[in-house]
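Take a look at the structure below.
The values are calculated or read from the model by the stated rules, or taken from the named source; none is laboratory data. Every value quoted in this text rests on a predicted model; they were computed, and no experiment measured them. Note that each Cβ is placed from the backbone with ideal geometry, even for glycine, and that neighbours are counted across all protein chains shown. Please note that ligands, DNA and RNA were not included when accessible areas were found on the heavy atoms of the full protein model with its side chains. Shrake-Rupley method; radii C 1.70, N 1.55, O 1.52, S 1.80 Å.
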Amino acid sequence: MRLILLCCCFLLISSPVGAAVEIALRGQPAIIIEDVYRQQGVSYVAIEDLLDLAGLAGHWDSVAHTYRIRTSRGWVVLTPASGYMQVGDNFYPLQEKPVFIDGRLRVSENFIQAQLAQLAGRAVFFRHLNPQVPVVEEAERDGIDELFSRFFRRAERSSSSGPTIRAIAIDPAHGGLDTGVIAPDGYNEKLVTFEVADRLARLLRMRLGVPVYVSRSGDYDVTLDQRLEAALRDDVDLWILVHAQASFSSDVRGIDLLVRAQEESSGSSHGSLVLAQQLSQSMLASDLAVRGIFPSSRLSLGRGNLPTVQLEIGYLSNPDELRLLRQADYQTRLVQSVFEGIQNYISLSGETR
Ligand SMILES: [Zn+2]
């Protein structure tokens, strides 16, 4: 089966046959682009076609070998085969690198939905028009499907006595070659997520006396399986994912709490939303800038009913927040408030159990 899929991949690499996409910016009529190439299950569209749509202008810099786009926030620079897009002094990771195919610099469908939307300052609607595409895509996106097939289940207890929370899993996002978002000074997401997760794990072990499983213990690459191992353990009753973000606007700052958009079998006294509410309250009580709780279909949250919150602990693109996130004092305050939120969640779910 795997061999057949691989053969299909070879046939489809850089195949322009019949591929077409429909794109619209919010408030504008949709356009159809037929100059679309497919590589490894992902559609690539020429950057120039997208800029026309967004009303932006760009040009190829033949000296620097980069593509420069003029925006209201300054120059945005794309480098062929580089995994980063530069906006002023900031670097943003791209899911797929821009590539030259058939004489034009092209970006992926993920760029259209994430970065183009930010460049244009508007939501972007995107879909494949070729009905064959989804079939191929499913076969090639094994890794993503695998994550969706995991059901993060809060295991049933054999007895109603004992602590409400038996163990906690923490995922410090990124690591190793995967830096996550990068601040102008080089500090990055993988470092801050690890520092915060490590502090949180120590505090929880010390104060709650329960096992805390952390998906990485240093700065190295973590496979999807390794990352999920902690959360999938039988005794885990709570899962915290730690991320940080970046925005094109240096004004944006604050903490986002993300929960699954749809949570199977959610109860009133427990579940991700209740956990997020407790965390948010304790953070606000500690004078932390909380932007809100948001339902999210982000892949990292998976599916299921294990109480899970993805903490987006701040914006590395905001100079003030970056300065705070690097401070030990601030990290301690943040972690202390997360601990208190978890503690309140435990007493709440214990009362009504
Ligand atoms: Zn992240």
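Between residues in segment 224-253 that are of a type in the set (G, A, S) and residues that are away from the ligand (no atom under 16 Å from the Cβ) and open to solvent by 60 Å² or more (accessible area, probe 1.4 Å), which pairs lie under 8 Å by C-beta distance while being six or more apart or on different chains?
If the second residue must be away from the ligand (no atom under 16 Å from the Cβ) and open to solvent by 60 Å² or more (accessible area, probe 1.4 Å), the pairs left are S249/R73; S250/P319.
Being of a type outside the set (G, A, S), more than 16 Å from the ligand (Cβ to nearest atom) and under 20 Å from R216 (Cβ atoms) is true for just one of L232, L325, L279. Which residue is that? If you could, list the steps in order and put the result at the bottom.
Working: L325 fails: more than 16 Å from the ligand (Cβ to nearest atom); L279 fails: under 20 Å from R216 (Cβ atoms).
Selected residue: L232, the only one of L232, L325, L279 that is of a type outside the set (G, A, S), more than 16 Å from the ligand (Cβ to nearest atom) and under 20 Å from R216 (Cβ atoms).
Check whether at least one residue in segment 210-224 is open to solvent by less than 70 Å² (accessible area, probe 1.4 Å), in a helix (DSSP H, G or I) and either at pLDDT below 95 or in the same structural domain as P93 (by TED's automatic domain parsing) (or both), and report yes or no.
Residues of segment 210-224 that are open to solvent by less than 70 Å² (accessible area, probe 1.4 Å), as a first pass: 210-216, 218, 222, 224.
Checking which are in a helix (DSSP H, G or I) leaves us with 224.
Now restrict to residues that are either at pLDDT below 95 or in the same structural domain as P93 (by TED's automatic domain parsing) (or both): 224.
Yes - at least one qualifying residue is present in segment 210-224.
Could you please find all residues in segment 293-311 being over 27 Å from R166 (Cβ atoms) and part of a strand (DSSP E or B)? Quick ask: steps written out before the conclusion?
Initial filter on segment 293-311 (over 27 Å from R166 (Cβ atoms)): 294, 297.
Of everything in segment 293-311, just one residue is over 27 Å from R166 (Cβ atoms) and part of a strand (DSSP E or B), namely F294.
Can you name every residue in segment 73-109 that is in contact (Cβ under 8 Å) with a residue 40 or more places away in the chain and either among the acidic types (D, E) or exposed (fewer than 14 other Cβ atoms within 10 Å of the Cβ) (or both)?
Those that are in contact (Cβ under 8 Å) with a residue 40 or more places away in the chain and either among the acidic types (D, E) or exposed (fewer than 14 other Cβ atoms within 10 Å of the Cβ) (or both): D89, E96, D102, E109.
Please enumerate the residues belonging to segment 176-188 that are farther than 13 Å from D89 by Cα and out of contact with any Asp or Glu (no Cβ under 9 Å at 6 or more places or on another chain).
Just the residues of segment 176-188 that are farther than 13 Å from D89 by Cα, to begin with: 176-180, 188.
Result: N188, single match.
Read through the list (1) at pLDDT 90 or above; (2) surrounded by fewer than 19 Cβ atoms within 10 Å (Cβ to Cβ), then give the number of the only condition that I240 fails.
Checking I240 against (1) at pLDDT 90 or above; (2) surrounded by fewer than 19 Cβ atoms within 10 Å (Cβ to Cβ), the one that fails is (2).
Those residues that are surrounded by fewer than 16 Cβ atoms within 10 Å (Cβ to Cβ) and in a strand (DSSP E or B), I need them from segment 283-292; list them, please.
Initially, segment 283-292 is screened for residues surrounded by fewer than 16 Cβ atoms within 10 Å (Cβ to Cβ), giving 284-287, 289, 291-292.
Listed by number, the residues that qualify are R291, G292.
Here is a check on your reading of the model: is P295 under 19 Å from the mean Cα position of the chain (by Cα) and either farther than 23 Å from R154 by Cα or surrounded by fewer than 20 Cβ atoms within 10 Å (Cβ to Cβ) (or both)? Before you say what the answer is, go through the steps one by one.
On the way: under 19 Å from the mean Cα position of the chain (by Cα): yes; either farther than 23 Å from R154 by Cα or surrounded by fewer than 20 Cβ atoms within 10 Å (Cβ to Cβ) (or both): yes.
So P295 fits the description; yes.
Against the condition modelled with pLDDT of 90 or more, open to solvent by 50 Å² or more (accessible area, probe 1.4 Å) and acidic (D, E), how does E195 come out, does it pass? Steps first, answer last, please.
Details: modelled with pLDDT of 90 or more: yes; open to solvent by 50 Å² or more (accessible area, probe 1.4 Å): yes; acidic (D, E): yes.
Yes: the conditions hold for E195.
Would you mind finding the one in S280, S247, S317 that is polar (S, T, N, Q), outside any strand (DSSP E or B), over 29 Å from A120 (Cα atoms) and open to solvent by less than 30 Å² (accessible area, probe 1.4 Å)? Please lay out each step first, then the result.
Working: S247 fails: over 29 Å from A120 (Cα atoms); S317 fails: over 29 Å from A120 (Cα atoms).
Answer to the selection: S280.
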